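Let me begin by presenting the structure, written as structure tokens, before commenting on it.
Just so you know, all these numbers are worked out from the coordinates, no wet-lab data involved. Just so we're clear, the structure is a prediction, and the values are computed from it rather than from any experiment. Neighbour counts are summed over all protein chains in view; Cβ atoms, including those assigned to glycine, are modelled from backbone coordinates with ideal geometry.
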Amino acid sequence: MADGLTHNGKTYALVMFDLDDTLAPSKTAMSDEMVALFTAMLGTSLGCIISGGQFGQFQSQVLDRLGDFPDKANLHLMPTNGTRYIRWQDGQWDTVYAEDLSDDQKSRAMRVVEQGARELGLWEEQTWGPILEDRGSQVTFSALGQSAPVDAKAAWDPDGRKKESLRAYAAQRLPDLEVRSGGSTSVDITAKGIDKAYGARRLMEILGLSASDILFFGDRLDEGGNDRPVMELGIDSIPVHGWEDTYAKLSAIVGGVDAAPEAVSARRR
């Protein structure tokens, strides 16, 4: 196992990240600067990315940019909010587990979220790519489509009220499923009780780690944010606002300069 990274006098075996608006802009590839820093981090620490996106997004946003780097075994991938776990084994990216929804669950989720979006006036005419997506272990509603420009997505629901109204609508009608706000324009539906905390717990079990061994970077650590459940496990967490902020705070740690702000945890709030 890698040695780990030290921050504020504490050594972490694994550094965990959200993807969109944390390591890269939404649905956008990692920058050259972040690729270099992330690769350097994986030389000394285990890393994990946990995000609502499917594996194809991890491939295009991260893996294609990292290329053939030497420390692939140190990277752990948890698409669709940890409902899947993928790692490098025997020369390939191998799925360790997948908590897939049943056909009935997926069809009901799609029907309800579309009905809600139409009733609430959130079903947009101008979109970029599919609004509804079956990701196997997750159904995702993206108000402007999967490939919408970052600026359009940022402007659609700046205060989060649209997403919350749709989330509440769907949650009331799908009591057997987990309905959560996702990215800037999305609502994610998974099996009951599954969120990023579920993925983090499974990863800890598999790798033999505890919450104190992990440092987490996320842009939605606020109450109700989809990164919040990770922090509520007692995992030290650093709030960020975009990949540039993540780069600045992570580079201070990877570079050995202990200048990054102190991690926060739900227990201290």
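Over region 75-135, one equal point on each Cα, no solvent: what is log10 I(q)/I(0) by the Debye formula at q = 0.17, 0.18, 0.21 Å⁻¹?
-0.75, -0.79, -0.90
Compare the peptides 50-60, 67-77 by average per-residue count of other Cβ atoms within 10 angstrom and give them in order, highest first.
In decreasing order of mean packing, 50-60, 67-77 become 50-60, 67-77.
When the Cα centres of region 26-101 and region 207-251 are compared, how far apart do they sit, in Å?
16
Quick one: compute the contact order of the chain, relative version, from alpha carbon pairs under 8 angstrom and 6+ residues apart, as a percent.
21
If the chain between T127 and R173 were fully stretched, how many nm would it gain, using 0.36 nm times the residue separation less the Cα-Cα distance?
14.0 nm
Of the listed values [x] 68, 49, 36; [y] 95, 39, 37; [z] 53, 37, 36, grab the one calculated as Cα extents along the principal axes in Å from the structure here.
Among [x] 68, 49, 36; [y] 95, 39, 37; [z] 53, 37, 36, the one calculated here is [z].
At most 11 other C-beta atoms within 10 Å and a DSSP loop state: those are the exposed GluC sites (Glu not before Pro) I care about. Give me the longest piece of the chain that has none.
On the way: sites that count: E125, E223, E262.
Free of exposed loop sites, the longest segment is 1-124.
Is it possible to state the helix-based mean residue ellipticity at 222 nm for the chain, with each DSSP H run of 4+ residues giving -39500 (n - 2.57), the sum divided by total residues, to the nearest 500 deg cm²/dmol? What is it?
After summing the helix terms and dividing by the residues of the chain, the value is -9000 deg cm²/dmol.
Cross-chain or 8 or more residues apart, Cα under 16 Å: how many lysine pairs in the chain fit that? Count them up, please.
5
How many nm is it between the label spots at L66 and T44, if each spot is 7 Å from the Cα in line with the beta carbon?
1.8
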